[in-house]
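Below is one structure, written out as structure tokens; the observations come after it.
The values are calculated or read from the model by the stated rules, or taken from the named source; none is laboratory data. Fair warning: this is a prediction, and the values are worked out from it, not measured in the lab. Note: ideal-geometry Cβ built from the backbone for every residue, glycine included; neighbour counts use all protein chains shown. For accessibility, only protein heavy atoms count, side chains too; no ligands or nucleic acids. Shrake-Rupley method; radii C 1.70, N 1.55, O 1.52, S 1.80 Å.
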Amino acid sequence: MQRKEQVLEQLRQDGAVTVKELAELLGVSEMTVRRDVNELSRQGLVTRVHGGVTLRSKLDQTVREREPRGGALARYTIGMVVPSLDYYWPHVVNGAQLAAAQAGTRLLLRGSTYDAADNRKKIQTLLDRADVHGILVAPETAGEQGRELMRWLNTLPLPVVLAERRPIRDIPSFHLESVATDHASGAEKAVLHLRALGHERVGLLVAETRPTAPAVRRGWRETLDRLGLDPQQSVNEDAGRCEGPDGERFMDDVLRRCRATGTTALLIFADGHALRFVQHATDRGVRVPDDLAVVAYDDEVAHLGLPALSAVRPPKSWVGKVGVEMLVSRLDEGGSRPMHHVRLVPELIVRESSAPISETLQVAATVREATAPSH
């Protein structure tokens, strides 16, 4: 891996890093690191800060629009539409920008919302330009509006790659390609990790409004079934209820149900909800991980927890990178290239919030099983 790519990879993992840390990691001088950082900043890939560097901030206006490497004329122009420019998606955009720069391709970014009508409006804005050759988009797929949007995307006269979305089975999508995280596999990794630590009752809090929630729930449920552990016996709730005026009451109820069911570990999607829940549990005297192990999902802010939260990390920047590479390959090779649907497997980052089940909890679980009424 080239040095600049190593810098970007470290930023994808940590979000920010000092020049001194990069010099030690790469085994080069701080002056060499600064030169690399300056070049990445000129390309619009990173933002320089005092003593270090971060992933590109949307507030950074020093490079307003990326030009292909060396200032050469762009081979292609790709339009990109994402539902948000906050949380999760900046990493996807960063990966797309890197791949576009490497391919001598121009990337036109449009931020949208989780609304099919707004998605279509932003996509149409790009289609109205004569210079756009392909579209990379994360569309809203829920409801009839989402289904209609998918039908429309399939009729477009230029290549379309779905990012973090997959075609809907009963809607024609022969002209759509996709690159998405295998979120069910991510949930599977979390459950297997917790089971290996001795936890037999692994609950789930999942934000039901998130597009990836069904896949996370499916991975959790299918993995427990395969392990011979009944999902019905563990806590299973909407993590979105951690927020709002009744959030504390809801989290108290979850803690009571964890004790009643013997649930000793939770997978919580997304990690903003996980942080909120762990803080609440700590305030109620529940020790994490001694009394309750927690694995978060997304790894945007999980490392900021106290304790730092173990987390499933989707390969966000790779979604953008592979999406652009797929479009460039399609434009280069045309109809001779088979249609691609790529699934990327998340990584499990183990930190302090997941640990082997304690002897006290093991004894309590044994007593609970022994005294449970027979059927």
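Miscellaneous remarks
- Restricting attention to the chain, close to 20% of DSSP beta bridges with both partner residues there are antiparallel.
- With contributions of -39500 (n - 2.57) from each DSSP H run of at least four residues, the per-residue ellipticity at 222 nm computed over the chain stands at -13500 deg cm²/dmol.
- Rounded percent of accessible protein surface that carbon and sulfur make up, the chain, 1.4 Å probe: 50
- Amide hydrogen neighbours beyond the local backbone of Arg351, cut-off 5 Å, H modeled: Ser310, Ala311
- Shape of region 154-232, Cα gyration tensor, a/c cut at 1.5: prolate
- Crossing angle, helix 30-42 versus the chain [Cα axis fit, 0-90 degrees, rounded to tens]: 70
- Exposed trypsin sites (Lys or Arg not before Pro) absent - longest run of the chain, DSSP non-H/G/I/E/B, at most 15 other C-beta within 10 Å: 170-283
- The count of lysine pairs in the chain with alpha-carbon distances below 25 Å, taking only pairs 8 or more places apart or on different chains, stands at 15.
- Heavy-atom accessible surface of region 137-189, averaged per residue, reaches 41 Å², computed with a 1.4 Å probe.
- The amide H of Ala293, built 1.01 Å from its N in the peptide plane, has Ala265, Leu266 as neighbours under 5 Å, considering only residues 5 or more places off or on other chains.
- Taken per residue, the accessible surface of region 192-241 reaches 47 Å², heavy atoms only and a 1.4 Å probe.
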